[in-house]
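Structure, as structure tokens:
The values are calculated or read from the model by the stated rules, or taken from the named source; none is laboratory data. Bear in mind that the values here come from a model prediction, so they are computed numbers and not experimental data. Note: ideal-geometry Cβ built from the backbone for every residue, glycine included; neighbour counts use all protein chains shown. Heavy atoms of the whole protein, side chains included, go into the accessibility calculation; ligands, DNA and RNA do not. Shrake-Rupley method; radii C 1.70, N 1.55, O 1.52, S 1.80 Å.
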Amino acid sequence: MLEDCAEISFSHKQDKYHVIETIDPALIEKWQKEQNENREKLKLYDTEPWQINKKVAFNLDQNASIQNELLRYVGGLDISFVKDKDTACVGLFVFDIVNDFECVYKDLQIVTMDQPYVPGYLAYREAPYLLERLERLKQLKPKYYPQCIFIDGNGILHGNKFGLACHVGYFSDTPTIGVSKKLYQVYGLEKNQEHKEKINNELKKAGDYFELRSKIEGDNTLLGLCYRSTDLSTNPIYVSLGNKISWETCLWILKICIKNTRIPEPIRQADLNTRSYLANLDQNKLD
């Protein structure tokens, strides 16, 4: 049973008939400049006491004064869309890993996107709504603010090395991890026969992974990991850092948050719940 469930709210940012047919090149240039500048400010290393300790809180009565020294609350952020519309459901879910991943906080909101989808700049379309949910949580139930957030999207595995997970992590000042079901083909990375063979040859069991490094000459950046979640799941996930976390800690918390399915539990639950909410919502409310 939920300890707290934030009130579901509705926010329509634009009329449904308002369609942006063209993008101002100056806007794209502005976004790219911002990504390049903010990328240099990312902290791709451990910044929190719980990351250094790599210990999970061991009981439900953990003293608040040492809460951040031990990992307890993890979050999942996701957006599910109504087919062929800019209407979507934004969901933030927080789980208590001490209490068998009980969902202690959830917040669902219906929104209408006020920016078009532009490849490489997804964050400018979706991140404002994700950040609103996090800010709302701070105001309503700050004790449940997640110590790490899983985001359905990429982090530094991105054309400007500043994807959705980086954007949310940077502007919320929170440790974030990006998880994608598909390989973002940037910096020479390709989902080709060689990549498929590497998956078959190197990902034999749960927890196996291989690095995804830039193949651009002079750039050997570690962009992400191709990761096998379970023994039964042969399709990998693609994991990348968002902000305020190291690769070592990313792998540690990933194992904690993967249960019996391919997708880490915080994102899986966020996805299931936002889709379910949209499916059950009266169609009239979406028109």
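Measuring with a 1.4 Å probe in the full set of protein chains, what accessible area per residue, in whole Å², belongs to the range 111-171? Each step should come with its number before you reach the end.
Numbers: 1970 Å² over 61 residues.
Roughly 32 Å² per residue, with all protein chains present.
With a Förster radius of 35 Å applied to the beta-carbon distance between I256 and K83, the computed FRET efficiency rounds to 0.55. Note on the range 87-160: semi-axes of the ellipsoid equivalent to its C-alpha gyration tensor, largest first and rounded to whole Å, are 25, 16, 10.
With viscosity set to 1.002 mPa s at 20 °C, what whole-number translational diffusion coefficient in µm²/s follows for the range 114-266 from Stokes-Einstein and a Kirkwood radius over Cα pairs?
Stokes-Einstein gives a translational diffusion coefficient of 133 µm²/s.
Using only DSSP helix segments of four residues or longer, with each worth -39500 (n - 2.57), what per-residue ellipticity at 222 nm results for the chain after dividing by its residue count and rounding to 500? Spell out each step's value before the answer.
Numbers: 7 runs with 84 residues, N = 287.
That calculation yields -9000 deg cm²/dmol at 222 nm.
Each label point was placed 7 Å from the Cα along the Cα-to-Cβ direction; for E135 and N53 their separation is 3.1 nm. For the residues N220, N53, N201, a GNM of the chain with alpha-carbon springs under 10 Å puts the largest fluctuation on N201.
Taking label points 7 Å from Cα along the Cα-to-Cβ direction, D100 and K191 give a separation of 3.6 nm. Using alpha carbon centroids, what distance separates the range 190-204 and the range 148-177, in Å? Centre-to-centre (Cα) distance: 25 Å.
Using a simple spin-label model with pseudo-atoms 7 Å out from Cα toward Cβ, T234 and A206 lie 1.9 nm apart. Put simply, the convex hull of the Cα atoms in the range 25-181 casts, on average, a shadow of 10.2 nm². Output the pairs from K161/K182; K43/K161; K83/K196; K198/K255; K55/K244 with a Cα-Cα distance over 19 Å in this structure; if there are none, say none. Going by Cα-Cα distance, K83/K196; K198/K255 fall outside the 19 Å limit.
A 1.4 Å probe over all protein chains sorts Y129, Y45, Y277 by accessible area into Y45, Y277, Y129, starting with the largest.
Taking a 1.4 Å probe, which of T261, T174 shows the most accessible area, and what order do the others take after it?
From most exposed to least exposed: T261, T174.
Here is the tail figure for the chain: Cα pairs spaced more than 36 Å apart come to 15 percent of all pairs.
Suppose every K and R has +1 on its Cβ and every D and E has -1 on its Cβ; what is the size of the dipole of the chain about the Cα centre, in Debye to the nearest 20? All intermediate terms of the calculation are to be shown ahead of the outcome.
Working: 37 positive and 41 negative charges, 105 e Å.
About 500 debye.
Protein heavy-atom surface of the chain, 1.4 angstrom probe: 47% of the accessible area is carbon and sulfur, with nucleic acids and ligands not counted. Within the assembled protein chains, the solvent-accessible surface assigned to F150 is about 0 Å², based on a 1.4 Å probe.
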